[in-house]
Amino acid sequence: MRVLVVEDEPGIANFMRDGLAEAGYAVDVAVDGEQGLHHASGGPYDAIILDILLPKRDGLSLLKQLRTDGNRVPVLLLTAKDTIDDRIAGLDGGADDYLVKPFAFSELLARVRALLRRPPLQVGTELRVADMTMDLAQRKVSRAGKTIALSPREFSLLEYLMRNPRHVLTRTQIVERVWNSDFFGDLNVIEVYVGYLRRKINKPGQTALIQTVRGVGYRLLGDASDV
């Protein structure tokens with residue numbers, strides 16, 4: 001899943017970027033409100049972590065503009081102001097949650113996971129396709145009851161496929177959601193990671209769940225009737 005961090009303090013921004021990346025998220029960083037609005041308006045993000053006090057455009061103004069434009073991406077506000085009025089202003093302005101600085105990264109991660117559980121494509125903390133289950137809270141995958149060990153990137157790729165079963169996802173769509181916006185590598189890397197996933201989730205006698213749509217991309221089959 002892809003997350004946008006809008007934070008002007010380099011130390012905090014790098015701390016969040018590195019931690020979220022280690023947890024398996026694709027992360028972009030904007031250092032002021034104008035840059036944040038540009039990123040948020042132009043890129044497909046699953047969540048935004050937004051500081052309130054920003055240069056050029058403050059976080060509440062940015063949030064208001066996103067909601068006015070119809071952008072409903074979940075937003076976690078960061079604030080150094082732990083007052084009731086500030087929290088109410090943020091929530092009334094369209095924020096989904098808030099976190100007061102300083103914060104523990106474990107709490108930030110938990111709140112991001114909570115935001116990502118809210119979209120209609122997901123119910124509770126599990127994704128299930130055919131006989132494969134993904135536990136988003138514990139970041140575990142199993143098929144036919146057997147646990148599958150995945151790297152963070154493999155997990156993110158499989159999560160995107162499982163959120164969109166039966167839908168053909170182009171290589172461009174996959175790069176936008178699973179890799180960062182500054183990815184300029186060879187799109188063949190997607191084929192490499194799909195190969196990794198196939199070898200891990202498909203065992204002898206099991207249905208091959210990931211299908212290549214030649215010249216377009218990939219889709220995850222939903223059940224035996226899709227084959």
Could you check Leu66 against (1) more than 16 Å from the chain's Cα centre (by Cα); (2) not in a helix (DSSP H, G or I) and say which number it fails? (2)
Scan the range 145-168 for residues that are buried (at least 20 other Cβ atoms within 10 Å of the Cβ) and more than 16 Å from the chain's Cα centre (by Cα) and jot them down. Leu150
Any residue that is in contact with a helix residue (DSSP H, G or I) (Cβ under 8 Å, 6 or more places away or on another chain) and over 21 Å from Ala114 (Cα atoms) - is there at least one of those in the range 8-22? no
Going through the range 97-117 in order, the residues found to be part of a helix (DSSP H, G or I) and closer than 16 Å to Ala13 by Cβ are Phe105, Leu108, Leu109, Val112
Count of the range 192-227 residues which are surrounded by 13 or more Cβ atoms within 10 Å (Cβ to Cβ), at pLDDT 90 or above and assigned to a helix (DSSP H, G or I): 7
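The values are calculated or read from the model by the stated rules, or taken from the named source; none is laboratory data. What you are looking at is a predicted structure, and each value in this text was computed from that prediction instead of being measured. Please note: Cβ atoms are built from the backbone with ideal geometry, for glycine as well, and neighbour counts cover all protein chains shown.
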